[in-house]
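The values are calculated or read from the model by the stated rules, or taken from the named source; none is laboratory data. Quick caveat, the model's predicted, so the values are computed rather than measured. Note: ideal-geometry Cβ built from the backbone for every residue, glycine included; neighbour counts use all protein chains shown. To get the accessible areas, we keep the full protein, side chains included, count just its heavy atoms, and leave off ligands, DNA and RNA. Shrake-Rupley method; radii C 1.70, N 1.55, O 1.52, S 1.80 Å.
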Amino acid sequence: VQAKTANPGYGGRLTRRGTIMQAAVVLDAQFDRQSDQRMLLRTHELGHALGFNHVESRPSVMNPRVGNSITSFDRIAIRTAFLEAPGQH
């Protein structure tokens, strides 16, 4: 993947009326085997598959440049995005 596109991975989703119907993550095999940042890349691309877009204004696992860790901003964004609707269990 990286040799052809210069990116170590991709993640995306297909939505219909706001509902994710399908998702995929593609990782460069060599990067995934050898890089110390493979878990962050996996998390970043899974974020795309779950509906998150890039964040460029602050450190975040969703920043286009893979950072060093999941940040407190990321944790808040995840909790906010996946809060249960009132009355659901």
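Miscellaneous remarks
- Taking every protein chain into account, the 1.4 Å probe leaves residue 61 with about 20 Å² of accessible area, to the nearest ten.
- Across the stretch 14-61, the mean sequence separation of Cα contacts (distance under 8 Å, 6 or more residues apart), normalised by length, yields a relative contact order of 34 percent.
- Largest-first ordering by accessible area, 1.4 Å probe, given options 69, 57, 35: 57, 69, 35
- Relative frequency of Cα-Cα separations exceeding 19 Å in the stretch 1-54, percent: 29
- In the context of the full set of protein chains, the chain has a per residue accessible area of 75 Å² (1.4 Å probe).
- Zone of residue 80's modelled label, taken as backbone nitrogen in the stretch 31-57 under 18 Å from a point 7 Å along Cα→Cβ: 47-48, 50-57
- Contact order for the chain, expressed relative to its length and based on alpha carbon pairs under 8 Å spaced 6+ residues apart, stands at 21 percent.
- Take residue 74: with every protein chain present and a 1.4 Å probe, its accessible area is about 10 Å².
- Accessible surface of the stretch 21-89, 1.4 Å probe: 53 percent of it comes from carbon and sulfur atoms.
- Over all projection directions, the Cα-based convex hull of the stretch 14-89 averages an area of 6.5 nm².
- The angle between the Cα long axis of helix 72-81 and the longest principal axis of the Cα atoms of the chain comes to about 50 degrees, rounded to the nearest 10.
- Residue 42 accessible area, 1.4 Å probe, all protein chains in place, Å² to nearest 10: 90
- Rounded to the nearest 20 debye, dipole of the chain from Cβ charges on Lys, Arg, Asp, Glu: 160
- Summarising the amide proton neighbourhood of residue 9: residues at separation of 5 or more, or on other chains, whose placed amide H is nearer than 5 Å comprise 28.
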